[in-house]
1. Of all residues in segment 52-63, count the ones that are modelled with pLDDT of 95 or more and in a loop (DSSP other than H, G, I, E, B).
2. Name the single residue that is nearest to the chain's Cα centre (by Cα) among those in segment 65-88 being more than 30 Å from I26 (Cα to Cα) and surrounded by fewer than 10 Cβ atoms within 10 Å (Cβ to Cβ).
3. Would you please list the contacts, defined by Cβ atoms under 7 Å and residues six or more apart or on different chains, that run from a residue in segment 59-74 that is more than 11 Å from V40 (Cα to Cα) to a residue that is among the hydroxyl-bearing types (S, T, Y)?
4. Taking L62 as meeting all but one of (1) farther than 16 Å from N90 by Cβ; (2) surrounded by 13 or more Cβ atoms within 10 Å (Cβ to Cβ); (3) in contact with a helix residue (DSSP H, G or I) (Cβ under 9 Å, 6 or more places away or on another chain), write down the number of the exception.
5. When segment 1-51 is examined, which residues are found to be of a type in the set (F, W, Y), at pLDDT 75 or above and surrounded by 10 or more Cβ atoms within 10 Å (Cβ to Cβ)?
Amino acid sequence: MRALALLLLCVFGSTLVSLTVANYGIGPDSCCYHYYERRVKFTNIRSYELTDGRCSLPAVILQTKGNVRICVDPEAAWVKSAMTRLDQRNF
């Protein structure tokens with residue numbers, strides 16, 4: 001009987017610890033779930049960032065001068081061009 005109580009206590013304790021650790025897990029800060037389909041004017045773009053590799057959809061997040069964050073396709077030619085121009089401007 002004592003062994004059963006000890007076993008149940010261990011199972012309960014490990015469950016509690018695993019739930020606590022899972023709640024404080026580290027994950028990506030921001031992910032995109034769909035792309036903005038229109039082209040954004042380069043003059044309106046202030047900066048960009050790439051989404052984390054753990055996100056299900058690879059994307060570039062454009063930060064506009066009005067502090068709007070827009071998810072766009074990183075494979076689009078205009079996005080690649082804008083990223084290159086921003087890198088040159090900020091270098």
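1. Of segment 52-63, the ones modelled with pLDDT of 95 or more are 57-63.
Restricting the remaining residues to those that are in a loop (DSSP other than H, G, I, E, B) gives 57-59.
Summing the residues that are modelled with pLDDT of 95 or more and in a loop (DSSP other than H, G, I, E, B) in segment 52-63 gives 3.
2. Selected residue: A77.
3. Partner pairs satisfying both residue conditions: A59/Y35; A59/T51; V60/Y48; I61/S30; I61/Y48; I61/T51; D73/Y35.
4. Of the numbered conditions (1) farther than 16 Å from N90 by Cβ; (2) surrounded by 13 or more Cβ atoms within 10 Å (Cβ to Cβ); (3) in contact with a helix residue (DSSP H, G or I) (Cβ under 9 Å, 6 or more places away or on another chain), the odd one out for L62 is (1).
5. Y35, Y36, F42, Y48
The values are calculated or read from the model by the stated rules, or taken from the named source; none is laboratory data. The structure displayed is predicted, hence computed values, not measured ones. We place every Cβ from the backbone using ideal geometry, glycine too, and count neighbours over all the protein chains shown.
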